[in-house]
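Enquirer: Structure provided below as C-alpha cells; questions to follow.
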Amino acid sequence: MSLFERYLSVWVGLSIIVGVILGNVLPELFSALAALEVARVNLVVAVLIWIMIYPMMVQVDFSSIRDIGERPKGLIITLVVNWLIKPFTMTALGWLFFRVLFVDLVAPDTATEYIAGIILLGVAPCTAMVFVWSHLTKGDANYTLVQVSVNDVIMIFAFAPLASFLLGVTDVVVPWETLLLSVTLYVVLPLVAGVITRKILERPQAASDQLEPLLAGLKPYSIAGLLATVILLFGLQAQTIIAQPLDIVLIAIPLLIQTYGIFALAYLAARWWRVEHAVAAPCALIGTSNFFELAVAVAISLFGLHSGAALATVVGVLVEVPVMLSLVAVVNRTRW
C-alpha cells in the first residue's frame, strides 16, 4: 500500500472536517448540488459512487465461484452472518436505542429515519474495502474474491426485498421503484461494466498484463471519489452536524456495538470451526464492514439528501475506516 492509502483514515477525517466547514460557509453551493436529481437520484453522488465502485467491480472474477466447494466453511460463515444475522441484529439495535434507550433524546420522526439508515447499512455487506482488509491481514486473496463475488450475486437479488421488509417493520413506506433503481445503478450496472472490462482485458489477443496496470491507474480515482463523496455528504449535512452533534454520537453507539459484536461472532465461529486464519480473517471482516456507498445512495434516493436516514449512513462512513483498522489489528495479533 502506498503512503497515501495507509493513512486513508486520516484523509477521511480531514475530508469530514472540510465538508462540514464548506457546508457552513457555502450552503448555497451544496443546495444547488442537492437539486441535481433525476428520479430522486442525485447525479453528483451517482458519478462519485460510480468512480468508487467501478475499479472494485473490475476485480470481481465470477469464474472463481467454481472453487468454493473446496473450502466452504469460511464462505458459509460469511453468508450466514451477512444475510441471516447481521440485518436483523442491526434492525434490533436501531429499534432498541432509538425507540427505547434514546426515546427522550430524539424526536419520533427523526428516530424512524435514523433506524432506516441503520437498517440500510446492515443490509449492505461490504463489497469494496474488503480487499484492503484482506490484504492487511494476509488473507487468502482468491478466497476473498470468491466471498465478494458470491455476496455480490446474492445482493443483486436479496438487497431490495430484504431492505423493503425490514424498513416496513419500522413503519417506513418504501417506494420499490426507487429502491430497485438504486440497486441497478449502484450494483448491477457497475458490476456488468466490471465484468465486460475483465473480459476485454483477458482476451487472448489482449496483452496479458493489462489488468493490473488498469487497476493501479484507477485506484487513485477510486480513493478520490471516496473522499469527494465524504466532503459532499458532510457538506450537505454540515448544518445538522453543527446543530445536532449529540445525534452523531447517538447514531454511532449502536453502529459500534453492531460492528464489534458481528466481528466477534464471525471470528469466534471461524475459530470454533477450525477455519484457517487466511480464510477466517477476511471471513470475519467481510461480515463486519458495510457497503456504505450503496447504503448512502439508497438512503438519499429513498429519504432525501438532508434526511436522518442519509445522516445515519454518513455516520457509518465516519466510523467504518478507523473501526475496521482496529479490527485488522486484532486479527493480526491473534494469528496464532
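Enquirer: Cβ contacts < 8 Å: first residue touching a residue at least 12 places away in the same chain (Cβ under 8 Å), restricted to segment 305-333; second residue of a type in the set (A, V, I, L, M) and loosely packed, with under 15 Cβ neighbours inside 10 Å, any location; separation 6+ or different chain. Result?
Expert: Val319/Leu256; Val323/Leu256
Enquirer: Would it be correct to say that Ala193 is surrounded by 19 or more Cβ atoms within 10 Å (Cβ to Cβ), in contact with a Phe, Trp or Tyr (Cβ under 8 Å, 6 or more places away or on another chain) and modelled with pLDDT of 75 or more?
Expert: On the way: surrounded by 19 or more Cβ atoms within 10 Å (Cβ to Cβ): no; in contact with a Phe, Trp or Tyr (Cβ under 8 Å, 6 or more places away or on another chain): yes; modelled with pLDDT of 75 or more: yes.
Considered against the rule, which asks whether it is surrounded by 19 or more Cβ atoms within 10 Å (Cβ to Cβ), in contact with a Phe, Trp or Tyr (Cβ under 8 Å, 6 or more places away or on another chain) and modelled with pLDDT of 75 or more, Ala193 comes out as no.
Enquirer: Just for segment 161-189: of the residues that are crowded, with 22+ Cβ neighbours inside 10 Å and modelled with pLDDT of 75 or more, which one is nearest to the chain's Cα centre (by Cα)?
Expert: Ala163
Enquirer: Here's something else I'd like to know. Can you go through Val230, Val249 and tell me which one is within 13 Å of Ile16 (Cβ to Cβ), among the β-branched types (Val, Ile, Thr) and assigned to a helix (DSSP H, G or I)?
Expert: Val230
Enquirer: Do you know which of the residues in segment 299-309 that are among the aliphatic types (A, V, I, L, M) and modelled with pLDDT under 85 is surrounded by the most Cβ atoms within 10 Å (Cβ to Cβ)?
Expert: Among residues in segment 299-309 that are among the aliphatic types (A, V, I, L, M) and modelled with pLDDT under 85, the one surrounded by the most Cβ atoms within 10 Å (Cβ to Cβ) is Ala299.
Enquirer: Pairs only if they're at least six apart or on different chains, beta carbon under 8 angstrom, first in segment 68-93 and β-branched (Val, Ile, Thr), second assigned to a loop (DSSP other than H, G, I, E, B) and crowded, with 16+ Cβ neighbours inside 10 Å; list them, first residue then second.
Expert: Ile77/Val275; Thr91/Thr170
Enquirer: Which pairs have Cβ atoms under 7 Å, sit 6 or more apart or on different chains, and link a residue in segment 120-142 that is at pLDDT 80 or above to one that is part of a helix (DSSP H, G or I) and basic (Lys, Arg)?
Expert: Every condition considered, the pairs that remain are Gly122/Lys86.
Enquirer: Could I ask something else about it? Filter segment 272-324 for residues that are hydroxyl-bearing (Ser, Thr, Tyr) and in contact with a Lys or Arg (Cβ under 8 Å, 6 or more places away or on another chain) and give the result. Explain how you work it out, then say what you get.
Expert: Taking segment 272-324 as the starting set, the residues that turn out to be hydroxyl-bearing (Ser, Thr, Tyr) are 288-289, 301, 307, 313.
Result: Ser301, single match.
Enquirer: Which residue pairs have Cβ atoms under 6 Å apart, sit 6 or more places apart or on different chains, and have a first residue in segment 101-119 that is touching a residue at least 24 places away in the same chain (Cβ under 8 Å) and a second that is hydrophobic (A, V, I, L, M, F, W, C) and outside any helix (DSSP H, G or I)?
Expert: Pairs found: Ala116/Val172.
Enquirer: Within segment 263-298, restricting attention to residues that are closer than 17 Å to Met129 by Cα and of a type in the set (Val, Ile, Thr), which residue is modelled with the highest pLDDT?
Expert: Among those residues, the one meeting the criterion is Val279.
Enquirer: Right, something else. Quick check: anything in segment 254-262 polar (S, T, N, Q) and at pLDDT below 85? Talk me through it step by step, then tell me what you get.
Expert: Initially, segment 254-262 is screened for residues polar (S, T, N, Q), giving 258-259.
Keeping just the survivors that are at pLDDT below 85 gives none.
No, that holds for no residue.
Enquirer: Please enumerate the residues belonging to segment 83-122 that are part of a helix (DSSP H, G or I) and aromatic (Phe, Trp, Tyr). Outline the logic, then answer.
Expert: First, the residues of segment 83-122 that are part of a helix (DSSP H, G or I): 83-101, 108-122.
Once the filter is applied, which keeps residues that are part of a helix (DSSP H, G or I) and aromatic (Phe, Trp, Tyr), segment 83-122 yields Trp83, Phe88, Trp95, Phe97, Phe98, Tyr114.
Enquirer: Do we have any residue at all in segment 200-218 that's modelled with pLDDT of 80 or more and either within 20 Å of the chain's Cα centre (by Cα) or part of a helix (DSSP H, G or I) (or both)? Outline the logic, then answer.
Expert: So in segment 200-218, the residues modelled with pLDDT of 80 or more come out as 200.
Then drop every residue that is not either within 20 Å of the chain's Cα centre (by Cα) or part of a helix (DSSP H, G or I) (or both), which leaves 200.
Yes, some residue in segment 200-218 is modelled with pLDDT of 80 or more and either within 20 Å of the chain's Cα centre (by Cα) or part of a helix (DSSP H, G or I) (or both).
Enquirer: Determine whether Gly287 is crowded, with 24+ Cβ neighbours inside 10 Å, in contact (Cβ under 8 Å) with a residue 12 or more places away in the chain and out of contact with any Ser or Thr (no Cβ under 6 Å at 6 or more places or on another chain).
Expert: Working: crowded, with 24+ Cβ neighbours inside 10 Å: yes; in contact (Cβ under 8 Å) with a residue 12 or more places away in the chain: yes; out of contact with any Ser or Thr (no Cβ under 6 Å at 6 or more places or on another chain): no.
Here the answer is no, as Gly287 does not meet what is asked.
Enquirer: Among the numbered criteria (1) outside any helix (DSSP H, G or I); (2) buried (at least 17 other Cβ atoms within 10 Å of the Cβ), which single criterion is violated by Arg274?
Expert: (2)
The values are calculated or read from the model by the stated rules, or taken from the named source; none is laboratory data. Fair warning: this is a prediction, and the values are worked out from it, not measured in the lab. All Cβ positions, glycine included, derive from the backbone under ideal geometry; neighbour counts span all protein chains shown.
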